[in-house]
Structure formats: structure tokens, C-alpha cells
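Asker: First the structure, which I've put down as C-alpha cells, then a few questions once you've had a look.
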Amino acid sequence: MSVVSRRKSGFLFEDSFDSLTLDSKWNMTPNDSSRWSLTDAPGSLRLKGGAEPLQLFLDTLTPMKQFVLDMKNSYNPKASGSTGGLTVFINHNDFFHVEEYYDATQGTAKTFPWLRLVRDYNTYTAYWSEDGVIWHIIGSEEFNRLAPKIGMFLNSSATDDYLDMEHVRVFSLPTLTVSNLSPGTRVELLDSTGAAVDSKTCRTSQTSIQFDMTQRPIPFTGSLRFAEADGKTTISSSDQMKMWGGDEYDFSPSPTLFFIDGEGNEVHLQDNTEEFLGHMLQGQYREVKMIARNTMHHGTFTGIQGVLTSYAGTDQYKRLVDVAVDQNGVPGTWGDSFTLPDTAAGKEQVFWTRISRETDPALIDKTTHVHFGLNLSAVYTK
């Protein structure tokens with residue numbers, strides 16, 4: 001059963017600097033190749049000191065009014081006046097910095113493994129972290145400027161001074177939203193082990209909830225579990241998902257699919273997962289009985305439609321695969337799509353898939369498999 005659909009992704013950008021060329025989204029100022037390197041410290045972008053400040057802007061962030069920018073870095077300034085970190089920049093006389101620096105009074109470097117900058121319109125909030133998961137606030141600043149450039153900087157005249165950027169990730173918001181809920185529905189955020197790490201209940205007159213992701217690994221690998229207000233229905237998203245801050249998910253259950261294997265057993269078809277339907281031992285085609293079942297405790301699926309789609313980059317779904325609704329235990333008219341009747345809780349509908357042998361000689365030489373996808377959609381009403 002499909003339980004959630006992602007209607008909006010919060011992911012904006014990520015760079016681990018593991019290429020020999022710098023991503024074209026970066027804008028280096030000044031554009032001096034002697035001031036940076038992707039090979040001096042493999043897996044990092046090294047910014048080097050010089051006569052003027054070196055700045056690395058991510059120009060796609062300039063028009064964005066909300067985002068979260070994280071940087072993992074290694075910096076060890078040795079002299080007073082040497083600084084590096086994150087920048088919100090208009091010009092050399094008008095900027096806002098999240099600085100790492102050398103503290104001359106204590107004789108130590110004030111640096112952090114991770115820095116975070118959160119923009120919420122004209123408010124910029126800075127954080128630091130040891131592990132990129134647990135964050136501690138540095139402070140906030142109002143910076144009301146038109147079209148600021150956002151990125152990293154190194155301001156050091158010492159040619160042996162450098163800042164290594166190890167990882168950068170950018171996402172749209174520090175929250176994750178789940179919508180299309182009924183009041184009283186409880187949503188649990190589960191980690192990769194299935195343990196609940198947070199829980200929110202949809203309030204009266206509301207249709208959505210939000211999880212605070214500021215103290216979670218990003219991307220967060222896990223799933224969602226839903227408990228309806230009556231306490232009779234608890235369902236989980238079947239797949240582990242990589243979730244980014246700013247992601248928006250809809251609660252959108254759909255029928256659970258099964259097929260009948262060669263021994264007459266029901267086999268559950270997992271969402272977005274490849275499944276082997278069996279061998280074609282003889283004949284030119286094979287017919288597979290399939291079931292769309294409403295496994296909810298209450299509610300009805302309406303408008304159930306199935307459409308064949310491409311899978312594994314082939315066009316076999318057009319040439320070799322057909323589907324049909326069931327008519328008194330046998331397939332009806334074959335085609336590339338079907339519509340099933342409304343299906344109440346606990347009920348099911350039968351349909352059929354017919355897979356023909358590959359006839360293209362060029363493809364037979366490569367594989368005997370037939371690949372296809374099936375997109376099933378429905379509307380869930382309580």
C-alpha cells in the first residue's frame with residue numbers, strides 16, 4: 001500500500017567535492033585558480049589565503065527567501081585577522097559573516113566542524129555543530145538587503161592559511177510537513193530501525209502537521225506511521241525514505257497489490273520495488289492473476305485506475321504487456337490501462353496481466369526478461 005506521496009522536495013543542493021572539477025553552480029571570486037584546489041586535500045575544496053578575500057557563492061540562493069545552508073569544514077587560523085566561514089554579501093563594506101577566527105587573547109582558534117546558516121526572509125540565524133546533527137545557536141541578525149550573495153569566504157593574507165570545505169548541503173526549511181490529514185490523526189516519524197523519534201497530532205480545523213528537523217540527521221532516513229483518531233487504523237509507509245527539511249508529504253493511501261504465483265500463493269507487491277513474476281516455461285505468453293485489496297479498517301477507494309508504464313528503460317510495456325479487468329474469473333478486454341470498481345474496507349478487486357515473449361532479436365540476445373511498471377492510483381474517502 002502506498003501511504004504517502006511526496007508532493008514537494010526540500011532538497012536544493014549538495015556537494016561533497018569528490019570530483020576533479022568544481023560544480024558549475026559555484027561562483028568563485030576572485031576567479032584565481034591558484035587560490036583553490038580540489039586535489040590538495042582529496043574529498044575537500046581547499047580555499048587558500050591571498051592578497052584579497054576569497055569568496056565562493058552559490059548564486060541559486062540569492063533569490064531564495066528561505067533556506068538552510070550547512071557546511072562541514074576544517075579551518076585552523078594561526079594569526080589574528082585571519083577569518084573564514086559563511087557570508088551574506090552585498091559588497092566589501094556591507095556584509096554579514098558567520099566567522100571562524102583566531103582569538104589572539106586566548107591564543108586559540110575559534111572554529112567549528114559544522115556551520116549552519118538559516119535564512120527566514122530578512123532574518124539570518126547561525127548555528128554550530130560537532131556532528132552536523134545536534135546544533136547550537138550562535139545568534140541571529142536582521143539583514144534587509146536586496147539580492148545578497150550567499151556562500152563561504154576566507155579572509156587571510158597568509159599564503160599558508162587555508163580552509164577545507166568537506167561537505168555542503170542546502171535544503172529549503174528546517175521542518176518537514178505532512179498534509180491531507182483529518183483532525184485527530186497522529187503521525188509518527190520513524191528512524192531507520194522503525195523506532196518512533198517524534199509524534200504529532202493533527203489539530204481541530206487543521207489538515208497538516210510539521211516535524212522540527214533541526215536536531216535530526218539530514219537527509220533523515222526513515223518512514224512515517226499514521227494512527228487515525230478512532231484508534232482502529234495504524235498504517236506505516238512501506239518504504240524507507242530519504243527526507244529533507246522542507247519536504248512536503250501527502251497522506252494518500254492506495255490499494256495494496258498482490259499477484260498469484262505459479263503455486264497459487266499470494267505475493268505482496270511492494271511499492272517502488274522490483275518483483276519477479278515468474279518464468280514462462282512454455283507458450284508465447286503468460287497470464288498473471290493480480291489483486292487490488294483495500295487493507296484499511298474503514299474507508300473506500302474510489303476511482304481506482306491502473307496504467308502500464310516504462311521500467312528499466314525499455315519499451316516492452318507497450319509491445320509485450322497488457323492488462324484487463326476480471327470478468328467472471330477470466331480476463332476481459334486487454335489494453336494498456338484499466339478501471340476498477342469502488343472498493344470498501346476489507347474488499348478486493350481482481351485484474352489480470354498478460355506478458356508475451358520478447359520477439360526483438362536484438363533484445364533476445366541481451367536478456368529474456370520482460371520489464372514493465374504498473375502505476376495504480378485511487379482516491380481514499382472515509
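Per-residue answers, yes or no, for (1) part of a strand (DSSP E or B); (2) of a type outside the set (A, V, I, L, M); (3) touching a helix residue (DSSP H, G or I) at 6+ places or on another chain (Cβ under 9 Å):
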position	(1), (2), (3)
134	no, no, no
140	yes, yes, no
145	no, yes, no
150	yes, no, yes
158	no, no, no
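Asker: Let me ask another. When you go through (1) without any contact (Cβ under 8 Å) to a residue 24 or more places away in the chain; (2) touching a strand residue (DSSP E or B) at 6+ places or on another chain (Cβ under 6 Å) one by one for residue 300, which number turns out not to apply?
Answerer: Unmet condition: (1).
Asker: Does residue 349 fit the bill of being in contact (Cβ under 8 Å) with a residue 24 or more places away in the chain, assigned to a strand (DSSP E or B), closer than 22 Å to residue 4 by Cβ and in the same structural domain as residue 260 (by TED's automatic domain parsing)? Talk me through it step by step, then tell me what you get.
Answerer: Details: in contact (Cβ under 8 Å) with a residue 24 or more places away in the chain: yes; assigned to a strand (DSSP E or B): yes; closer than 22 Å to residue 4 by Cβ: no; in the same structural domain as residue 260 (by TED's automatic domain parsing): yes.
Answer is no for this residue.
Asker: So residue 185 passes all but one of these: (1) crowded, with 19+ Cβ neighbours inside 10 Å; (2) out of contact with any Lys or Arg (no Cβ under 9 Å at 6 or more places or on another chain); (3) under 28 Å from residue 88 (Cα atoms). Which condition number does it fail?
Answerer: All conditions are met except number (3).
Asker: Please return the ranges of strands (runs of 3 or more DSSP E) entirely within region 254-338 where 3 or more residues are of a type in the set (Ser, Thr, Tyr).
Answerer: Fully inside region 254-338 and qualifying: 300-309.
Asker: Right, something else. Among the residues of region 165-173, are any hydroxyl-bearing (Ser, Thr, Tyr), at pLDDT 95 or above and assigned to a strand (DSSP E or B)?
Answerer: Checked region 165-173: no residue is hydroxyl-bearing (Ser, Thr, Tyr), at pLDDT 95 or above and assigned to a strand (DSSP E or B).
Asker: For region 4-21, give me each residue that is out of contact with any Asp or Glu (no Cβ under 9 Å at 6 or more places or on another chain) and either hydroxyl-bearing (Ser, Thr, Tyr) or surrounded by 16 or more Cβ atoms within 10 Å (Cβ to Cβ) (or both). Spell out the reasoning first.
Answerer: Start the filter on region 4-21 by keeping residues that are out of contact with any Asp or Glu (no Cβ under 9 Å at 6 or more places or on another chain), which leaves 12, 14, 18-21.
Matches in region 4-21: 12, 19, 21.
Asker: Okay, next question. Residue 220 - would you say it is modelled with pLDDT of 95 or more, in contact with a Leu (Cβ under 6 Å, 6 or more places away or on another chain) and buried (at least 20 other Cβ atoms within 10 Å of the Cβ)?
Answerer: no
Asker: Which of the following residues is modelled with pLDDT of 95 or more, of a type outside the set (S, T, N, Q) and farther than 28 Å from residue 9 by Cβ: 63, 113, 53?
Answerer: Selected residue: 53, the only one of 63, 113, 53 that is modelled with pLDDT of 95 or more, of a type outside the set (S, T, N, Q) and farther than 28 Å from residue 9 by Cβ.
The values are calculated or read from the model by the stated rules, or taken from the named source; none is laboratory data. Owing to the predicted nature of the structure, the values given are computational and were not obtained by experimental measurement. Here Cβ is always computed from backbone atoms with ideal geometry, including for glycine, and neighbour counts include all displayed protein chains.
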